[in-house]
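Chemist: Sharing a structure with you now.
The values are calculated or read from the model by the stated rules, or taken from the named source; none is laboratory data. Predicted model only: the values in this text are computed from it and were never measured. Positions of Cβ are backbone-derived with ideal geometry, glycine not excepted, and every protein chain shown enters the neighbour counts.
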Amino acid sequence: MGLPFLHVTAMKKAKLQAAIVGGTADDVEQAFYEALHNADLQKLMACWAEEDEIVCVHPGGPRLIGAGAIQQAFDAMFSNGSVQARPERIHKIESLASAVHHLVERVEVLTPTGSQTAWVLATNVYHKTPQGWRMVAHHASPGTAQDVAELGQRAPVFH
């Protein structure tokens, strides 16, 4: 009987820590990628909003709706080890209650021939909730090395 209680208590504690530490969408994003690096499912799930309609799409994968489906997918992913994804080239659209971050993830993948770099294009959506900023969507697609160089960059402004 005590085990489910401990799990719920640990999840509530992790969500409380995310609310205290996660003062901004940037803080939650940093906690999300740290959780990936450390294969920390509890910390990763604490980044997500407590809403039924949260959604996650991994490269080439199906659309996962709800915390249960998302947690299962990341749990299966972590059974193979941590995910060494590093966000780069972050483009942000922010308002008072929502933030959209589009970025390129540099992912280090261990292959039979050694470490290789893979590129993933990701969009992370955050809402400001009563518990603080939380992720409501993570959508990732396969990318290429060419994605590192962005098209349509703004020209520098000279004053």
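Chemist: Out of all the residues in the stretch 29-46, which are assigned to a helix (DSSP H, G or I), within 17 Å of G68 (Cα to Cα) and of a type in the set (D, E, K, R)?
Modeler: K43
Chemist: Of all residues in the stretch 80-126, which are aromatic (F, W, Y) and more than 16 Å from H58 (Cα to Cα)?
Modeler: Narrowing the stretch 80-126 to residues aromatic (F, W, Y): 119, 126.
Within the stretch 80-126, Y126 is the sole residue that qualifies.
Chemist: Which of the residues belonging to the stretch 86-119 are under 25 Å from G132 (Cα atoms), of a type outside the set (S, T, Y) and not in a strand (DSSP E or B)?
Modeler: Once the filter is applied, which keeps residues that are under 25 Å from G132 (Cα atoms), of a type outside the set (S, T, Y) and not in a strand (DSSP E or B), the stretch 86-119 yields L96, A97.
Chemist: Same structure, new question: What residue, among those in the stretch 27-50 that are surrounded by 15 or more Cβ atoms within 10 Å (Cβ to Cβ), closer than 18 Å to P130 by Cα and in contact (Cβ under 8 Å) with a residue 60 or more places away in the chain, is nearest to the chain's Cα centre (by Cα)?
Modeler: First, the residues of the stretch 27-50 that are surrounded by 15 or more Cβ atoms within 10 Å (Cβ to Cβ): 27-33, 35-36, 39-49.
With the extra rule that they be closer than 18 Å to P130 by Cα, the set shrinks to 27-29, 45-49.
Right, trim to in contact (Cβ under 8 Å) with a residue 60 or more places away in the chain and you get 27-29, 47-49.
Numbers: D27: 11, V28: 8, E29: 6, C47: 8, W48: 9, A49: 12 Å.
Ranking the qualifying residues of the stretch 27-50, first place goes to E29.
Chemist: For the stretch 86-119, how many residues are under 26 Å from D52 (Cα atoms) and out of contact with any strand residue (DSSP E or B) (no Cβ under 6 Å at 6 or more places or on another chain)?
Modeler: So in the stretch 86-119, the residues under 26 Å from D52 (Cα atoms) come out as 92-103.
Checking the rest, the ones that are also out of contact with any strand residue (DSSP E or B) (no Cβ under 6 Å at 6 or more places or on another chain) come to 94-96.
The qualifying residues number 3.
Chemist: For the structure I just gave you, tell me whether E53 is closer than 13 Å to H138 by Cα and exposed (fewer than 13 other Cβ atoms within 10 Å of the Cβ). Show your work before the answer.
Modeler: Values: closer than 13 Å to H138 by Cα: yes; exposed (fewer than 13 other Cβ atoms within 10 Å of the Cβ): yes.
In short, yes.
Chemist: Just one of (1) touching a residue at least 60 places away in the same chain (Cβ under 8 Å); (2) surrounded by 12 or more Cβ atoms within 10 Å (Cβ to Cβ); (3) farther than 18 Å from Q30 by Cα trips up D75, so point out which.
Modeler: Result: D75 fails condition (1) only.
Chemist: Within the stretch 78-85, is there a residue that is assigned to a helix (DSSP H, G or I) and either in contact with a strand residue (DSSP E or B) (Cβ under 6 Å, 6 or more places away or on another chain) or surrounded by fewer than 20 Cβ atoms within 10 Å (Cβ to Cβ) (or both)?
Modeler: Going through the stretch 78-85, the residues assigned to a helix (DSSP H, G or I) turn out to be 78.
Going one step further and asking which of them are either in contact with a strand residue (DSSP E or B) (Cβ under 6 Å, 6 or more places away or on another chain) or surrounded by fewer than 20 Cβ atoms within 10 Å (Cβ to Cβ) (or both), we end up with 78.
Within the stretch 78-85 (the criterion being assigned to a helix (DSSP H, G or I) and either in contact with a strand residue (DSSP E or B) (Cβ under 6 Å, 6 or more places away or on another chain) or surrounded by fewer than 20 Cβ atoms within 10 Å (Cβ to Cβ) (or both)), the answer is yes, since at least one residue qualifies.
Chemist: Considering only the stretch 56-83, state which residues are at positive phi and modelled with pLDDT of 95 or more. Steps first, please.
Modeler: The initial filter retains those residues of the stretch 56-83 that are at positive phi, namely 60, 66, 81.
Correct list: G66 only.
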